[in-house]
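Quick notes on the structure that follows.
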Amino acid sequence: MRSKEDTVRTAIYCRISQDRDGSEAGVTRQEEDCRALAAERGWEVVEVYTDNDVSASSLSRKPRVRYEQMLEDARNGRFEAVTFYSNSRLTRRPREWEQVIELAQKHKIRLASVKSGAADLTTADGRAVARTIAAWDAAEAERTGERVSRAHEQRRAQGRAHGGHHVFGYLKPDASQGIGYTTHIDPEAQAAIRQAAEIAVLEGSLTSIQKAWNAAGVLTVNSGPWNSLRSIQRVLMNPRIAGLVAHKGEVVGEGDWPAVIDRPTWEAMCTAIAPKKGGPGSHNARKYLLSGYVFCGSCGHRMEAAESSGTYSKGKRAGTRWTVNRYACYSSTGGCGKVTRNKTWLETYVKALVGRALQDAPPREHAVSGADHSAEIARLEADIAATRADMLSGAVPRADGFAYVTACRARVVELQREQAQWARAAIEQSARPPLEVWQDERPETLEARRAILGTVVRSVEVLPLPRGFWTADNLPLDSVRVHTA
């Protein structure tokens, strides 16, 4: 007859914080050792829960999906014991140890580890020991985090890469081939990034980049299609592809790895696709060509565009269609509510006016004037790095150093903005003429056309109409005043 000990059902939990090559060798060894311990005790293994490449420290934000599933299954009575390699593999968070203690008290779950022994959580002393060990495990994890952060800080100061995920634009790390993190440029990805830079500065459209990449068969680092505009935005705005060291979103210096794209072009690309009001996915995105340019000639309030249609469901008009296609001065937003104008008619009128202005404009020069500020930016970056080092050593008072670094950083941003505009002009110089872009009415060129509009038009003033019956076919042209830039 089998004893109660022989009939104990156990789960095995395996976890490792870092698995760079994805081989799962660490968790496999843990499972083997846990199975051996379960066999020694005569326990039946009913499930193995594995969280590979997931930290259990209090500093980690990545969820442990299988750990949470194990807790839920334990509460539902699927097993009576949990076997794990060591306390630190189960968790390093004191708060989670309280959950484990609750399992032991309320659900009679037994615990057994290969290296930490069996924890007796049924007694006050046993629970006190478990909580103490958990506190020291958490402290060790935090000390490790501090050491890693300090090492990363040192590498940033030296302009060296410090690992991370595979960056689009570089070959995948492979120690056996001598390929390190961001050490070897991927030629195909580099061509895709350069193509994206040209599209970005000409059209400002992430959608156009997405279409171009997917049509050309460009794949993500995970060998999939580009389904997210946000992921494209993150890839292209990553300072590492320009050979730059960044910390908390701020460029802090030059890196010691090859740049996929030169800094001026990268700056121009970032200027064009940077997240902003009206960016990808925003409900405030600009949808209409003249948004922000049209003003009421009666009260001076900015007019808003509206374009929609539907069917009346009640009253005498039930079943008939209604449409809204206009720019209007709405009293609900502070306007007078008295002036409206047919949207299609107004946009057609302005398009023709801007088209004539572009057609009559003198041809562009063959060379783009502008200054390359790379040397000045490099000098300022060196000053910033030296001042930071002096602040850390105490040679320069922190307040003085901070003021100087802030001033230098402001100047760097100013120079980078000028350089971005210069690079943008250089790319546009060799690309499509403005008139050609203006006449391209695809949705993805809207931002580019609005940029061209701003070079010709300062504002459009819509005047109240005189008494009469007006339609889109007979609106008077003198009811609109276009103020040129």
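Here, each number is a calculation from the coordinates, and none is a lab measurement. All values reported here derive from a predicted model rather than from experimental measurement. Because the Cβ atoms are built from the backbone with ideal geometry, glycine has one as well, and the counts that use them run over all protein chains shown.
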- Label-point separation, ALA306 to LEU463 (7 Å along Cα→Cβ), nm: 2.5
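Based on the Cβ-Cβ distance from ARG75 to ARG95, what FRET efficiency comes out when R0 is 22 Å, to the nearest 0.05? Walk me through the intermediate numbers first.
Values: r = 17 Å, r/R0 = 0.78.
Computed FRET efficiency for ARG75 and ARG95 comes out at 0.80.
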- Extension reserve of the SER331-GLU68 stretch, reckoned as 0.36 nm per residue once the Cα distance is removed: 89.3 nm
- Message: Explain nothing, just compute: Karplus ³J(HN,Hα) = 6.51 cos²θ - 1.76 cosθ + 1.60, θ = phi - 60°, for every residue of the range 210-225 in order, whole Hz, x for Gly and Pro.
- Response: 4, 5, 5, 5, 5, 5, 8, x, 6, 10, 5, 5, 9, 6, x, x
- Message: Please list, in order along the range 322-339, the HN-Hα scalar couplings obtained from phi with the Karplus expression 6.51 cos²θ - 1.76 cosθ + 1.60 (θ = phi - 60°), rounded to whole Hz, x for Gly and Pro.
- Response: 10, 9, 10, 8, 7, 9, 9, 8, 8, 5, 5, 10, x, x, 7, x, 10, 10
- Which FRET efficiency, nearest 0.05, do GLU414 and LEU435 yield, Cβ-Cβ r, R0 35 Å? 0.65
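Please compute the length gained on full extension between SER393 and THR455, using 0.36 nm multiplied by the number of residues separating them and subtracting their Cα-Cα distance. Let's see the in-between values first.
On the way: separation 62, 0.36 × 62 = 22.32 nm, distance 5.07 nm.
Full extension of this stretch gives 17.2 nm more.
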- Note on the structure: Residues meeting the amide H criterion for SER113 (H placed from the backbone, H to H distance under 5 Å, 5 or more places apart or on another chain) are PHE84, ALA118, ALA119
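Mind checking the range 165-271 for trypsin sites (Lys or Arg not before Pro) that DSSP puts in a loop (not H, G, I, E or B) and that have at most 16 other Cβ atoms within 10 Å? Before the final figure, lay out the partial values.
Working: sites: ARG194, LYS211, ARG230, ARG234, ARG240, LYS248; in loops: LYS248.
Answer in residue order: LYS248.
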- For the cross-link pairs LYS62/LYS115; LYS62/LYS287; LYS316/LYS351; LYS62/LYS108; LYS115/LYS172, which exceed 32 Å when the distance is taken from alpha carbon to alpha carbon? LYS62/LYS287; LYS316/LYS351; LYS115/LYS172
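Say R0 is 51 Å: what FRET efficiency, to the nearest 0.05, do ASN222 and SER298 get from their beta-carbon distance? Present the calculation step by step, with values, prior to reporting the outcome.
Details: r = 56 Å, r/R0 = 1.10.
Rounded to the nearest 0.05, the efficiency is 0.35.
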- Once both labels are modelled 7 Å past Cα along the beta-carbon direction, what's the ALA382-ASN214 spacing in nm? 4.7
- Item | Gained length - ALA274 relative to ALA25, 0.36 nm times residue gap less alpha-carbon distance | 85.6 nm
- Message: For VAL45, what residues show an amide H to amide H distance below 5 Å, using hydrogens built from the backbone and excluding near sequence neighbours?
- Response: THR10
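If we sort 325-332, 305-312 on the protection proxy, mean other Cβ atoms within 10 Å, highest first, what's the order?
Values: 325-332: 17.5, 305-312: 11.9.
Sorting 325-332, 305-312 by mean packing, highest first, produces 325-332, 305-312.
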- Query: Each residue of the range 176-181 in order: what ³J(HN,Hα) in whole Hz does its phi give by Karplus 6.51 cos²θ - 1.76 cosθ + 1.60, θ = phi - 60°, with x for Gly and Pro?
  - Reply: 5, 9, x, 9, x, 5
- Message: Which of the three applies to the range 441-485, rounded, prolate or oblate, going by the alpha-carbon gyration tensor with a ≥ b ≥ c and a/c under 1.5 meaning rounded?
- Response: oblate
- Message: Please list, ordered by chain and number, the residues whose modelled amide H lies under 5 Å from the amide H of ALA246; skip anything fewer than 5 residues away on the same chain.
- Response: VAL252
- Assign one of three labels to the range 159-241, namely rounded, prolate or oblate, based on the Cα gyration tensor with a ≥ b ≥ c the square roots of its eigenvalues; rounded applies when a/c is under 1.5, prolate when it is not and a/b is larger than b/c, and oblate otherwise. prolate
